[in-house]
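The values are calculated or read from the model by the stated rules, or taken from the named source; none is laboratory data. Just so it is clear, the model here is predicted, and its values are computed rather than measured. Here the Cβ positions follow ideal geometry from the backbone for every residue, glycine too, while neighbour counts run over all protein chains shown. Calculation scope for accessible area: heavy atoms of the full protein, side chains included, ligands and nucleic acids excluded. Shrake-Rupley method; radii C 1.70, N 1.55, O 1.52, S 1.80 Å.
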Amino acid sequence: MQGIAEILDAGDSARPYSAALAVQSAKIDDVARTPSARMLKELEITGESFFDLALRMSRLHKEYFLALYAPNVGRQAEFRAAADESLGAQAAIEARDAKSGKSFEQYLAEYAAG
């Protein structure tokens, strides 16, 4: 991989590909640098459950990414409209299925039959 990194770095004094490869190679030499080892250490230090750690990290990542750029209100409205449409379609399908009296087992048998 070093050879490929050198080719990709050609002409770039910062040598970003070689630098990235060095960071990853260091993880092979010292497994304590791997994401999983860092997570295990965090669990030991904090005493949190995996669920609580994942929830906390998710919140931190959300805050970080939301702070990078102002929200695109128009795009958020598009996503909300798409979600609402999807939920409406789901409700219609479920209502139709409930009205037909078909059990889930019947649905699976019909689905499997093609």
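Quick notes on this structure:
- Tally, over segment 1-14, of residues that are part of a helix (DSSP H, G or I), open to solvent by 50 Å² or more (accessible area, probe 1.4 Å) and among the acidic types (Asp, Glu): 1
- Considering the conditions (1) closer than 30 Å to residue 5 by Cβ; (2) of a type outside the set (Ser, Thr, Tyr); (3) exposed (fewer than 11 other Cβ atoms within 10 Å of the Cβ), residue 84 is excluded by exactly one of them, (1).
- Residue 17 being among the aromatic types (Phe, Trp, Tyr) and either in a loop (DSSP other than H, G, I, E, B) or touching a Leu at 6+ places or on another chain (Cβ under 8 Å) (or both): yes
- For segment 33-68, the tally of residues that are among the aliphatic types (A, V, I, L, M) and open to solvent by 60 Å² or more (accessible area, probe 1.4 Å) stands at 9.
- Total residues in segment 22-79, condition under 22 Å from the mean Cα position of the chain (by Cα), assigned to a helix (DSSP H, G or I), more than 30 Å from residue 1 (Cα to Cα) and of a type outside the set (A, V, I, L, M): 16
- Among the numbered conditions (1) at pLDDT 95 or above; (2) not in a loop (DSSP other than H, G, I, E, B), the only one that residue 93 does not meet is (1).
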